[in-house]
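One structure below.
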Amino acid sequence: SDSKIRKTISAGPILVKAPLPGNIMQVFVKPGDMVKRGDKLLIYEAMKMENQVLAEKDGKIEVVKVHIGDAVLQGDVLIEMS
């Protein structure tokens with residue numbers, strides 16, 4: 001169990017980034033929420049299409065860096081998870 005503990009401490013936050021520039025339309029999570037892989041985190045509009053951003057793994061939402069209506073650039077961090 002020692003190695004598991006070390007791994008948890010050394011693992012940095014999971015950064016959820018914008019794959020494309022766009023505008024935030026809906027945010028489904030808030031700090032403290034527990035999410036499962038595949039859960040919807042937010043929806044944003046890019047190139048006239050709605051894109052869902054899903055959790056890539058189970059975890060806890062630590063920081064939500066965007067609000068509805070925000071414009072984001074490709075690679076911007078939207079959410080930090082642990």
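The values are calculated or read from the model by the stated rules, or taken from the named source; none is laboratory data. Here the structure is a predicted model, which means the values were calculated and not measured. Every residue, glycine among them, receives a Cβ derived from its backbone with ideal geometry; neighbour counts consider all protein chains shown. The area values use the complete protein model at the heavy-atom level, side chains included, leaving out ligands, DNA and RNA. Shrake-Rupley method; radii C 1.70, N 1.55, O 1.52, S 1.80 Å.
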Output for segment 57-82, where each listed residue is within 16 Å of Phe28 (Cβ to Cβ), open to solvent by 40 Å² or more (accessible area, probe 1.4 Å) and part of a loop (DSSP other than H, G, I, E, B) | Asp58, Lys65, His67, Ile68, Gly69, Asp70
Among the residues of segment 13-27, write down those that are hydrophobic (A, V, I, L, M, F, W, C), outside any strand (DSSP E or B) and open to solvent by 40 Å² or more (accessible area, probe 1.4 Å).
-> Leu20
Output the residues belonging to segment 28-56 that are assigned to a loop (DSSP other than H, G, I, E, B) and either closer than 14 Å to Lys17 by Cα or without any contact (Cβ under 8 Å) to a residue 12 or more places away in the chain (or both).
-> Lys48, Ala55, Glu56
Quick one: in segment 31-56, which of the residues that are out of contact with any strand residue (DSSP E or B) (no Cβ under 6 Å at 6 or more places or on another chain) and open to solvent by 90 Å² or more (accessible area, probe 1.4 Å) is modelled with the lowest pLDDT?
-> Met47
